[in-house]
Structure formats: structure tokens, C-alpha cells
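Readers should treat all values here as calculations from the given coordinates under stated rules, not as data from a laboratory. All values derive from a computational prediction rather than experimental measurement. Glycine also receives a Cβ, built like all others from the backbone with ideal geometry; neighbour counts cover every protein chain displayed.
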Amino acid sequence: MTFQSLILKLSEFWASRGCALQQPLDLEVGAGTMHPETFLRVLGPAHWSVAYVQPSRRPADGRFGENPNRLFKHHQFQVILKPAPDDVQQLYLDSLEACGIHPRQHDIRFEEDNWESPTLGAWGIGWQVMFDGQEISQFTYFQQAGGLELAPISAELTYGLERIAMALQRVDSVYDLEWASGVTYGDIRLREEVEQSRYAFGEIDLPAGEFGRFHRDLFERYYTLAGALLRSGLVWPALEYCLKCSHLFNILDASNSIGVTERTAYILRVRELAVGVARAYVGPSPDGATEPERA
Amino acid sequence: MDRELLLEIGCEELPAGWLPGLTRQIGEAMVAALTGHRLAPASPAETFSTPRRLTVRIARVPERQTDLEELVTGPPVSAAFKPDGTPAPAAAGFAGRHGVEVGALERVRTSKGEYLAYRRRERGRTTVDVLPAVLGGALRAIVFPRPMRWDARLDDGKGELPFGRPIRWLLYLYGGRVVPFTIARSPGALSGQVQDVTSGAVTYGHRFLTTSGRAGRSIKVRSFDEYRARLLEHFVILERSGRHDKIARELDAKARRLQGRVSQSVRAESDLLQEVPDLVEYPSVVGGTFGVEFLDLPSEVLTTTLIHHQHYFPVESDTGRLKNAFLAVINTEPDNERTIARNAERVVTARLRDARFFWEADRRVRLSSRIERLDTLVFHRKLGTYAQKARRLEHLAGWIAREALGASGEAAGQAALAGRLAKTDLTTDMVRELTELQGTMGGIYAREEGLPEPVWKAIAYQYLPAGVEADAPPSRAQLGGAALTWASVALADKLDTIVGLFAAGEKPTGSRDPYGLRRAAQGVVKVLADASALGLGNDPIDLSRLVAEACAPFADRLPGGTEAWTGLQLEEFFWERQVHLLERRGYRHDEIRVVAGLPWARRHPLGALLRADATAKARHSQEFQDLAALFKRVKNITKDVEDRGVPLAALASVLKEPAEAGLLTGMIDRWPEIDRALAAGRLVEAMQRLAQFHGAVDRFFTDVLVMAEDRTLREARLALLTRLRRAILENFGDISEIAADARPV
């Protein structure tokens, strides 16, 4: 099964189970959770089912194309089921079967792994799904997002597409994956990985210190803009600039441009934006008060 | 007639680490709820669990509640009636609340007078009617380390029902019949795919394995025996011990097939074999291998990668050398063993390849060049970076070696160097990836760089000891020639962390101790208490001096010296750890209270431990117990009297009566023998000699009136007793705490 047919199979499976197929967010994000189809839709009472691929950038995981398992950018297949159906685990297992993974032939397990995103003020309870000892998915019951308690509870299924494809194709290097017939993952992505890694670790033609200064400055500008957008009641654009800040923070972090103390301060500022976005999205509660943020 | 109660809460996979606690809790909660509902079981609860179920079976639960009869007390008779004899409002109201006339009330006599009372009788209901409330109460009573909300609620007025993971089915039988029970779902979540959970007579087997039909179908059962048997048919081993034994058996067999055995150190030190039975319902074991080239990695790296990250068991040869093989416990039947093993091998190889990359990259930068990088790692917001901590540790470790442990210049220099390098491994890729190897990795890299044993072992074991037991690692053998440098660094690191975080206002409160300060203090106390066993000499090490020195760098935030010791309540904080250590080593509470009476006990954990030990040995003699009882009188009568330090000999001219002269002479002539025994460390002998004073003290109290009219005489007698009090308290502690043995031994 090629990388692209894996995406097609999962899309088909979840579309047939009532999910709207969305498209990736056209911004730099670290995970599918940051897409408004997850971050905003899990808030509030409305039921919602959606699935999409999200290219996810983790600058600190960049390895210049040299490590067969670690990537600056990987692909997540993200499913949100709100509320979480009673048979959600079985649905997930069925989706694996649809991709050609037969549970009877393997050791598939749900091992405790709770998820938390301090920058999004979000956390959930769940598992990492282990496939013969390899983590292939994160399975989370969202409890809180943007600092708000959630009801109903959504299930978030995040498939690590590269990992699953490597297991199915039995290759040891991600770059050897067959993306499409006759086209490898390396053909499509290797050069991008090398160059993005060099950028993320600050190996660019700028005077020392300038790299960090430049990105800090961008962070400040986007942060200010996000605040203005929030004050103007524009939730979607405000979330986008909050996510841009989050990405800049990741770049600053990967390139060792911030110390640990400062790091905490940056996380808190992004979180503050995320909390503002979440509150603005749900609006004031019926009695006029905004919900208190819970730590 | 008693009947069988069977409850199974079917869950999505519960965390393995929770299962032992939850299994205990659900049994206790059911028994408590039954008893609370007047259905006390006639047989004990048997409890079981797998990742997907919590099960309670009670073989004999009565068929009907016991009848209730209780007397509810109302108003006093004196206030219950008006002067004309008609009921006062208090009485009428009380009777009304219970739906009877005042005339139907009884009168009861109490110590406070006569009261009206209502005799409430309630006939016991049949058990089936009560069992729903029993389960509701039990579900509410379970406490989870981290509960989750899952849109569920109970109809008991308390609303939402959080649980560890979503509950997907309930098997609830009494005498083979279903007890009706419903967990409702919140209106906001209810839909075609989100439904109430209602109890039934069915369970579910293994997710993927079955002998017939489709796996995961419901299985109808009527009794526990049938339940257990049907589950086994459907690949669920209900008993944890059954899963454990199957794993242990197959591990041995598969290890032999790989020409090795399961790593003995893993068996001894890690709790992997205790954890895996709670990760699976039907375990088996597959073996895998990895490239021999990875055996060049330090064994700690290999085992940590396998154990902590994969829950796999390392395999070693009969001589204890690691082999390039591992064993994985899986939750299925291994008829497809090679596929699973091959995938597991790929994961292990990828992880080891990462580890080897770190191992090679890390060694290109010497630890001493890493100190600069510690500048970017914040130790604590208010306390600066790890680079600052490294400077503090360099000084403090050197100081402890020299001043507290009497080290030579060379050894003190090594301790200081180890202190300076102790945290540098935090900047290595290996520790960033495998955080549980902090310290260990620094030690290994230091060894690779050719630093001497006293330096690298001090770094490697800096986070130890982790336990309070006398044999908790590192052992004297492990330490070799590094005992002194290790103790210096281990103490310096812990003291610096404790004192610094206290200064930053991060003192632990209640169960909140995010920085692990209690554990750190426990380590300090353990090192000092076992100082001689660890080869650090027999001289008492004064903890308050160490604390004072550790406080110096925080002078702007902290009161200095002894002021920090008492003012920050560090004295109390460390004493609690000492008490814990003494309790864990089996000393009784009264023995620990004896030691607490020593004015120096809090500063000298080793001395305190030795005194507790001597007390435990001496306490059984009749003389000692007599003296302990008499000592209480000594303390009482001298309660407000200070020892003014009058020479005992000067009292001889005043204390002439035989009983008082006898005690005085004893103090002058025989006490020096006690001092000699104490100085030589012969504590039990000292205690025995002390106990011999019981006769003299007894005679003194029998024959002599301490509070004599004559002031000179009175003061002399009090001075003698005060001296005795001080001598006992300072050398033996408050022996009056020793309660007499119930039976003479």
C-alpha cells in the first residue's frame, strides 16, 4: 500500500462513517489539533465529525534528512468525533483493517498516554496505540481546550501516517517509502527536509544573534496583531496569528535562541492567546459571565 | 439464603499502573456499600482485573437486608409538655416528623435526664431492590489518580460520573439474575452512537482472539464459575497470577531458545515483570534480536531503551553479559510470531540507532566544556540556571568532603570536580532522550573521558539513594573507592535543592511536593544515618552545619546559619524524614519518641538511629522499665527547674539522708562508667548501667520528700534530680516514653 493510498483508504473509511473530509490548514502548525476543525469545533455543544490530513512541523525533530525515523515535517491523519461514539475503539480498529492491518495478525494495544498542549491550554486522557511495539496513533478523549472544560467530550484520533506506512511497507527508512507508484517519499521530501532542518537550526546567512532577533520580532508583531483581532471579535484570524506565534516559538526553541525561563514566558503568552480565542469562539455563557479558566 | 454477587465493570483499557489499586478499591467499596446498606456479606470479596475489566465476586450475600431498629432521641421530657400536660410544640413537631402521635413516643433515661424518643423500625428490603444503590455508592467511592469525564451521570442527585476510562458494559448478577442498573449519558451527548450503559448478564472476551465466531461478541453468563470459564475460552486469563506465571514461564523458555536467560538485574531491580501482567489479557512471549554492533553501547543504555521505552526484557548469557536479544510480552497468540517479532526488531533497531548516534555525538564534547551550556538550562525561575547550581555544587561538595567527612586535599578536590560536572549530562542528547539516565550517563561519559573512579562514580550515583532501607543502593561494594566523593556530591546536590527551593517559597505542602523535596531530604537522612556502614567513618556528622553551609549562596533570600535551620522549619522537615526512616526500619513509635527527646537527635541522624537501636534492645528489662516509669516522676517534679550546673560534690554537705546520699554517690561514682561506655559506642551496655539506677531513684522517691520546707534542702534535692534529668535526656533521650511491655519478656 503506497503512502497516498493509505491516505485515500483512511479518507474513504471515515467519510463512509459520516465524517466531513476537510483539507489541511494552510499554515505552519505542529499538529492536527491546532486546525480550527479540531481546536474550535471541540468547544461548545454542537456535534461534529470531521477528518483531514495535516502536515505537521516539529522544527526540533529536524534531522537534515539523515535520520530514517525523524522528520522536520510529518503527516497526521486527524479524526474528530464529537461526541465520542460508544464503539470508537472498534471504529478505530476497523479503520486499520480498512488499511490492511489485521489485528489478529499483530499485537495491537492501547497503552496509557495522556496528551497535553500547554500552549493551547488543552489536555485529554487516552492512549498511544501500539502496533507490534511501535506507536502508530494517539487516541485522546479531549477534556479541556483553550482552558475551557468540554462537554460533550470529543474523541481525537491522530494517525502517524509515516509510521503506519513504514510498518505496512516494511521499510526501515521513511525516505524509502513508496509515496505513489514508482515515486518514493525521498523523491518528494528529502531535499525539503535537509533545507528546512538547516533553517530551523539557524544555519543561514545572517549575523550571529540576528536569527533569533528576527523571529522574536516576528513573534511580537504577530502577537500584537492577534490581540487586535481578538478585540475586534475575529476569532478565525486571531487563531491563525496565535498559531503563527506558536510556530515561531517552536523555531526559536529548536535553534536554541531562548533560555528555559524565557521559554516558559513564551508558552504562557501563546496560551493566553489560545484561551482568548476559545472564549471568543464560545461567546459569553447564557448568564452573561464568561467561564472561568481552569488551570 | 445467601446468594452469589458478581460484578464486572467493563472498561476501555485502564492504565496498567492503576490496576492493583483499583482492584483493591472496587472490592473494598462494594463490601463497604453492602455493609452500609445492612447487607454485610457472609463471605469475603474476591477481586480480579484485566486492562478491560474490574471484577468483584462475593460468594455469599444475604437475600434480605437486616431489619433496622433504632431509637431516635427527641426533646427532653422537661420541655415536652405544657403545664397542663398537653404536648409542647417541640414534642408535637418531633412526633409529627416521624408520623406518629406524641402518645406513641417512648421515654429514655440518659445521663442528661429523661427524653422523648421514637423507635424507628424498618423491615429489611430484598437484596435485589437495594443492590442498585450499592453499585452507585461503590462507583462513586473509587478514587482515580486522574479521573476523566465521559458524558456519563448517575441518577443519584450527584450528577456527572467521572471514571478512569469510559465504561462500556456492566455485568451485574445476584443469584444468577441481572440486577438492573443504568449509567445515563448526558443529554448533550446522547445520540444514535452514545447510549446509556445498562447492566446485563453478558461479558466480552479478548478483543481479537476467539475459538469460534467473530471475536469480541458478547458472552452470556449466570455465575462466577461460568464467567471465569467462558472468559478463558475467549482468551482472557482473569487471575493476575495466572497471567504473571504464564509470562514468567514463557520468558524462561524463550530465553533458553535464544541461548540465554532473562537479565537477572532486570528481574531484581525493575518492576517490569510486575507491570506487564496488567497490560495484557492473554499474554505470550516472542523473542527478537538486534545487530551485534549495538552491544558496544553501555549496558545501561541498552537496558533502558528496552525496558522503559518498549517494556521488553533484555536477555543475557549465563555469565551475565547482555546478548543482542530481547523478549517482548504480547497480548495475543503467537501463531504469527515472526511477523510480530520482525516489527518489534525494527522498532528496537530504530531506537538503538538513535541511541548510538547520541552516544557518538555526545562523546565529542567533554563534560567540562558543557558547563557553559548549562547557562541555558533554568534550574528554577527564582534560583537561576544549572550553571549557577554547578558552581554551588562545586563549592558545597568540596566543603562537605573536607569539613564534614575529613577528606584529604586530593579527595576534596575530586568531590568538588564531581560537583562541578554533576549536571553537565543534562545537556547531552542521550539524557534529553532517555531522561531516566541522568546521572548514570554523566558517570559513564566521565569514565570514558578517563576521570578517576571517585569522580565518575560520584556523578553516576548522585541521585541515589532512592530508598530508606539499609541496603538501598549504592552499596559499599558498588561505590568502591568513591564512597566519600559520592556522599559529598549526593548530599550537596540534595541540600542545595532543598534549601534553594525552600528559599524560593516552594516548601512541600500536604501531598504536593512537585520538586520531590521529601525524597531528597530522605536521601540526605539515609546517607547520614548509614554513614559508618557506607565507610564514611563513625564521627557524627552535624546536619545543621551542612544546611547552614548550603544556605550561604542564598544569603539574599535566606536567614543564615542556625536561623535557617529552625526559622525555615528545615529542622522539622528533616526530622519527619528521620522518623520515617526509623519507622521503616522497624522501630516502634515509643522508641522513636525516646530518641526525639535527645536535644541533638535532629542534627545527628546516625546518633539517633544508634540510640533507637539500643533502646529497642534494652527496653525489655524490668529495671529499664522501672526506671522509665520513675523518669516520668523526675520530669514532672523538676518541670520548671533549670539545671544551674552546681557541682554534684557541693551537694554532699546538704544531702545526708541515706536515700538521697545513695543517689548522689551513684551519680558521682557510677555515671562516669556510663560516659565511658557511651564514648566507646557500647550503647547497650550504657543503657544497662543506666537501668541499674532504678533502685536508687525508687528509694529516693519513697524515702525523701523533695519539696521540703527548708529551702536549701529543697533546692539541693531538686538540683540532684535536675542533673539526673539532663544526663538522661542528653545521652539517652526521653526514656519515660517507653510504655511497659504488656507481658514481661
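Classify the stretch A:1-129 from the C-alpha gyration tensor, please: rounded if a/c falls under 1.5, else prolate or oblate depending on whether a/b exceeds b/c. Because its axes are fairly even, with a/c under 1.5, the stretch A:1-129 counts as rounded.
Under the criterion of Cα pairs below 8 Å and six or more residues apart, the relative contact order for chain B equals 7 percent.
Which value results when the Cα radius of gyration for chain A is divided by 2.2 N^0.38 Å? The partial results should precede the final answer.
Values: Rg = 19.6 Å, N = 295, 2.2 N^0.38 = 19.1 Å.
For chain A, the normalised Cα radius of gyration comes out at 1.03.
Which percentage, to the nearest 5, of the DSSP beta bridges contained in the protein assembly as shown is antiparallel? Approximately 95 percent, going by the DSSP bridge assignments.
The largest-to-smallest principal axis extents of the Cα set in the stretch B:58-124 are 59, 27, 13 Å. In the stretch B:336-417 the Cα-Cα distances spread across 5 Å bins starting at 0 as 3, 13, 12, 11, 12, 13, 10, 7, 7, 6, 4, 3, 1 percent of all pairs. Between B:301, B:126, B:395, the Cα set farthest toward the positive side of the dipole of chain B (charges on each charged residue's Cβ, about the Cα centre) is that of B:126. Excluding same-chain neighbours fewer than eight residues apart, the aspartates and glutamates reachable from residue B:82 by a Cα-Cα span under 20 Å are B:101, B:106, B:114. Among B:707, B:667, a tally of other beta-carbon atoms within 10 Å of each Cβ gives an order, fewest to most, of B:707, B:667.
Sum up the charges of everything whose Cβ sits under 10 Å from the Cβ of residue A:266, counting Lys and Arg as +1 and Asp and Glu as -1, but leave residue A:266 out.
Working: positive: A:216, A:263, A:269, A:271; negative: A:253, A:262.
For residues surrounding residue A:266, the net value is +2.
Which trypsin sites (Lys or Arg not before Pro) from the stretch B:644-745 combine a DSSP loop assignment with at most 12 other Cβ atoms within 10 Å?
Working: sites: B:644, B:656, B:670, B:676, B:682, B:689, B:699, B:711, B:714, B:717, B:723, B:725, B:726; in loops: B:644, B:656, B:682.
Qualifying residues, ordered by number: B:644, B:656.
The mean number of Cβ atoms from other chains found within 10 Å of a Cβ in peptide A:130-139 is 5, as a whole number. Dividing the summed -39500 (n - 2.57) terms of all DSSP H runs of n ≥ 4 by the residue count of chain B sets its mean residue ellipticity at 222 nm at -14000 deg cm²/dmol.
With the convex hull drawn around the C-alpha atoms of the protein assembly as shown, the volume per residue stands at 256 Å³. Look at where the Cα atoms of the stretch A:105-139 and of the stretch B:24-100 average out, and the two centres are 45 Å apart.
Building the convex hull from the alpha-carbon atoms of the stretch B:101-230 and averaging its projection over directions returns 14.7 nm². Amide H to amide H distances under 5 Å link residue B:323 with B:315, B:316, B:317, where only residues 5 or more positions off or on other chains count and H is placed in the peptide plane. Does the stretch B:198-329 come out rounded, prolate or oblate by the C-alpha gyration tensor, with a ≥ b ≥ c the root eigenvalues, rounded set by a/c under 1.5 and, if not, prolate when a/b is larger than b/c and oblate if not? Prolate, since a/c reaches 1.5 and a/b exceeds b/c.
In a simple Cβ point-charge model (Lys, Arg +1; Asp, Glu -1; nothing else charged), the stretch A:1-118 has a dipole of about 300 debye relative to its Cα centre. Of the trypsin sites (Lys or Arg not before Pro) found in the stretch B:169-247, those in coil by DSSP whose Cβ has at most 11 other Cβ atoms within 10 Å are B:214.
Answer with one residue from A:105, A:49, A:273: the one whose Cα lies farthest towards the positive end of the charge dipole of chain A, charges on Cβ with Lys, Arg +1 and Asp, Glu -1. Towards the positive end, the residue furthest out is A:273.
Note on chain B: with charges restricted to the Cβ of Lys and Arg (+1) and Asp and Glu (-1), its dipole about the Cα centre is near 1400 debye.
Give, rounded to the nearest 20 debye, the magnitude of the charge dipole that the protein assembly as shown has about its Cα centre when Lys and Arg contribute +1 at Cβ and Asp and Glu contribute -1 at Cβ.
1420 debye
Report the paramagnetic label zone for residue B:245: residues of the stretch B:43-87 whose backbone N is under 19 Å from a point 7 Å from Cα along the Cα-to-Cβ axis. From the stretch B:43-87, the list is B:46-50. Count Lys and Arg as plus one, Asp and Glu as minus one, and take only other residues whose Cβ is under 14 Å from that of residue B:67; the net charge is then +3.
The lysines within cross-link reach of residue B:494, meaning a Cα-to-Cα straight distance under 16 Å and a gap of 8 or more places when in the same chain, are B:389, B:423, B:507, B:526. Treating each Cα of the stretch B:221-292 as an identical point scatterer and summing with the Debye formula, the log10 of I(q)/I(0) at q = 0.14, 0.22, 0.27 Å⁻¹ comes to -0.54, -1.00, -1.25. Shown for chain B is the translational diffusion coefficient from the Stokes-Einstein equation, using the Kirkwood radius over Cα pairs, a temperature of 37 °C and a viscosity of 0.692 mPa s: 102 µm²/s. Beyond 16 Å, how much of the Cα-Cα pair distribution for the stretch B:621-712 remains, as a whole percent? Cα-Cα pairs in the stretch B:621-712 separated by more than 16 Å: 62 percent.
Projecting the Cα atoms of B:330, B:110, B:492 onto the dipole axis of chain B, where Lys and Arg carry +1 and Asp and Glu carry -1 at the beta carbon, places B:330 farthest toward the positive end. Computed over the alpha carbons of the stretch A:89-244, Rg followed by Dmax gives 20.4, 57 Å. Of the GluC sites (Glu not before Pro) in the stretch B:625-724, the ones in a loop by DSSP (not H, G, I, E or B) with at most 16 other beta carbons within 10 Å are B:642, B:709.
Net charge near residue B:161, counting Lys/Arg +1 and Asp/Glu -1 over other residues with Cβ under 13 Å of its Cβ? Don't skip to the end; give the middle numbers.
Values: positive: B:140, B:149, B:153, B:158, B:165, B:185; negative: B:151, B:155, B:156, B:160, B:196.
Here the charged neighbours net out to +1.
Top mean-square fluctuation among A:117, A:232, A:95, Gaussian network model of chain A, C-alpha springs under 10 Å? Comparing A:117, A:232, A:95 in a Gaussian network model of chain A, the most mobile one is A:232.
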